[in-house]
Amino acid sequence: MNQQEMISLVERHIKAEGAGDVEGAVAVYTDDVIHDAVGFPGAPCTGKEGARNFYRFLTANFRTEGEKVLNRFFDGNTMVLEQNMTGTVTGEMMGIPGRGRRVNFGILHVFGFRDGLICREQAWIDSGSIVAQLSAA
């Protein structure tokens, strides 16, 4: 895949995720995808069903409001995406009740591609920032 194809596929994935469209979010994955939300209980998982379970939890607890791309880096069939994300925690995040509070945090994704699909996604989030924002009075 070329870089623009990778960007388009990831944008499709992120748009679906942000819209709460679990099936759309996993539609861009290979059947044997490795999905690793680093530090999340049960991560990493293999296969669309494992990823689907993660996105069901995420979309039930968090509503994305904005994502700003800071950097993209490419190496062969890999893309690293650095973003700043803003959203509302409608349920819980990092084990802390959100009570409808808005959070802003950094996130770093590492995507692997095979056969025109995403075969690996690893996501690292600034959990310290989230905990601080949700724990503030």
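Could you please let me know if D21 is touching a residue at least 40 places away in the same chain (Cβ under 8 Å) and open to solvent by 50 Å² or more (accessible area, probe 1.4 Å)?
Here the answer is no, as D21 does not meet what is asked.
Selection of region 107-116 for residues being surrounded by fewer than 15 Cβ atoms within 10 Å (Cβ to Cβ) and touching a strand residue (DSSP E or B) at 6+ places or on another chain (Cβ under 8 Å) yields R114, D115.
Among what's in region 30-55 and is loosely packed, with under 13 Cβ neighbours inside 10 Å and in contact with a helix residue (DSSP H, G or I) (Cβ under 7 Å, 6 or more places away or on another chain), pick the residue that is farthest from W124 (Cα to Cα). Here the answer is D31. Please verify whether G87 is at pLDDT 95 or above, surrounded by 18 or more Cβ atoms within 10 Å (Cβ to Cβ) and within 25 Å of A132 (Cβ to Cβ), treating the condition exactly as stated. So G87 fits the description; yes. For first residues located in region 93-107 and free of Cβ contacts under 8 Å to residues at least 12 places away in the same chain, partners that are not in a loop (DSSP other than H, G, I, E, B) and lie 6+ apart or on another chain with Cβ distances below 9 Å form the pairs G95/V131; R99/V89; R99/L134. All told, A16 falls short of being closer than 14 Å to H109 by Cα and either basic (K, R) or open to solvent by less than 80 Å² (accessible area, probe 1.4 Å) (or both).
The values are calculated or read from the model by the stated rules, or taken from the named source; none is laboratory data. Just so it is clear, the structure is predicted and the values come from calculations on it, not from any experiment. Because the Cβ atoms are built from the backbone with ideal geometry, glycine has one as well, and the counts that use them run over all protein chains shown. Please note that ligands, DNA and RNA were not included when accessible areas were found on the heavy atoms of the full protein model with its side chains. Shrake-Rupley method; radii C 1.70, N 1.55, O 1.52, S 1.80 Å.
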